[in-house]
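Asks: Structure incoming, see below.
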Amino acid sequence: MSSCDAIVLDHLDRMTDSTGLIQHAIYSLPRRESGYTTDDNARALRLCARLWNRYPEDRMLGRISCYLSFLEHAQCRVHGFHNFLSYQRDWLDVKGTGDCQGQAVVALAEVLGSNLPDGYRLMARELIAAVLPALADLRSLRAQAYVILAWGHLSAQGTKGIEAVEDVAQSAARRLIECYHRSMRPDWPWFESRMTYANAVLPHALFVAAREWPQRGYLDVATTSFEFLDRETTSENVFWPVGNSDWYPHGEEKALYDQQPVEASTMADAAITAFDLLGDENNLATFRRAHRWFHGENSLKRPLADATCGACCDGLEPIGLNWNQGAESTLSYLWTELLNSEIQSTLQTKNKTLVASV
């Protein structure tokens, strides 16, 4: 068993071969015909790089080597990264999606801002430099949000020589604000005319932008939009995300199913950033609701996560669980568990400090 405290990576290892992380699963078994994606391998790289700072062991370094090597191989000849690789190792797209570029740069920022060996950080820096032209051309709102998250992490770690990333991130923050003001209505303080997937990434990015550039009015939009998202995805103190069957268009009913783990994970991530920035206990409560969603406090009262092997079911459907345990779902769960571990440690330290000062 490969375990980092309560974070078990057995299923992640089962889904990973010498090429990278396989995209989908049939129950708990890798579905080889689904191949690999850059965004899933980027998520795995981000997780393992963060874990490396706490557990700098050979097995973790091996995982990082696999996922970082995948991203290096995924570079397009034009610019950016491919996303879809077949099991036969043929790229299936001419160039990757915007979200794929964003996920990749967030993971690379995690590597560059870590204490990994020099070669890993140098590779991450080179890949970020290579993808910058693609980042500047991104139109996907979520991709732009990921660029802001990447810059925020690098800035927080004191990484030097990344001014070009800041320039792209500033431009991305302005675009998010423009989209918000264009789409918002009195009853709909949101960035788009409908809520779709990974919704919390958008206010999350503006919380980061508010921390980095506090004089530019980002905090008001971040707070208003995140509070709206929190209200719309909470029912009787239970996290109930937008389902991906029909999403949530303005003026219509929210799709109740299929609920995806990525919604809980991105909500938890945004809530922690908001709590760190504002110290508002409501954001901590939001985090806890999103975390508990994985463990059975959801609309079906069914746990999706298997803590014994670190796997997670692919979602909640009207008739029950989707029992497949794919890469995105598993990484969403593992990342949320890592956030929970970090916030518990932070809160314990604060409590000890308060007790000592009395």
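Asks: Among the residues of the range 16-36, write down those that are in contact with a strand residue (DSSP E or B) (Cβ under 8 Å, 6 or more places away or on another chain), closer than 19 Å to ALA305 by Cβ and either open to solvent by 50 Å² or more (accessible area, probe 1.4 Å) or among the aromatic types (Phe, Trp, Tyr) (or both).
Replies: HIS24
Asks: Suppose we keep only residues that are open to solvent by 50 Å² or more (accessible area, probe 1.4 Å) and not hydroxyl-bearing (Ser, Thr, Tyr) within the range 94-116. Which one would you say is farthest from ALA74 (Cα to Cα)?
Replies: Only one residue tops the list, namely ASN115.
Asks: Next question. May I ask you to list the residues in the range 255-278 that are over 21 Å from TRP323 (Cβ atoms), open to solvent by 40 Å² or more (accessible area, probe 1.4 Å) and touching a residue at least 40 places away in the same chain (Cβ under 8 Å)?
Replies: Residues satisfying the conditions are LEU277, LEU278.
Asks: So, one more: For the range 305-323, give me each residue that is under 16 Å from LEU9 (Cα atoms) and surrounded by 16 or more Cβ atoms within 10 Å (Cβ to Cβ).
Replies: Listed by number, the residues that qualify are ALA305, ASP306, CYS309, GLY310, ALA311, CYS312, CYS313.
Asks: Have a look at GLU281, GLU232 and point out the one that is surrounded by fewer than 23 Cβ atoms within 10 Å (Cβ to Cβ), touching a strand residue (DSSP E or B) at 6+ places or on another chain (Cβ under 9 Å), acidic (Asp, Glu) and modelled with pLDDT of 95 or more.
Replies: None of the other options fit; the residue is GLU232.
Asks: Does ARG174 qualify as being touching a residue at least 60 places away in the same chain (Cβ under 8 Å), in a helix (DSSP H, G or I) and closer than 18 Å to PHE207 by Cα? Give the derivation first.
Replies: Details: touching a residue at least 60 places away in the same chain (Cβ under 8 Å): no; in a helix (DSSP H, G or I): yes; closer than 18 Å to PHE207 by Cα: yes.
In short, no.
Asks: With respect to PRO133, is the statement that it is out of contact with any Cys (no Cβ under 8 Å at 6 or more places or on another chain) and open to solvent by less than 40 Å² (accessible area, probe 1.4 Å) true?
Replies: No.
Asks: Here is a further query. Would you check which residues across the range 181-229 are open to solvent by less than 50 Å² (accessible area, probe 1.4 Å) and outside any helix (DSSP H, G or I) and list them?
Replies: Hits for the range 181-229 are TRP188, PRO189, TRP190, PHE191, GLU192, MET195, THR196, ALA198, ASN199, ALA200, TRP213, GLY217.
The values are calculated or read from the model by the stated rules, or taken from the named source; none is laboratory data. What you are looking at is a predicted structure, and each value in this text was computed from that prediction instead of being measured. Note that we place each Cβ from the backbone using ideal geometry, even for glycine, and neighbour counts take in every protein chain shown. What goes into the accessible areas is simple: the full protein's heavy atoms, side chains included, and nothing from ligands, DNA or RNA. Shrake-Rupley method; radii C 1.70, N 1.55, O 1.52, S 1.80 Å.
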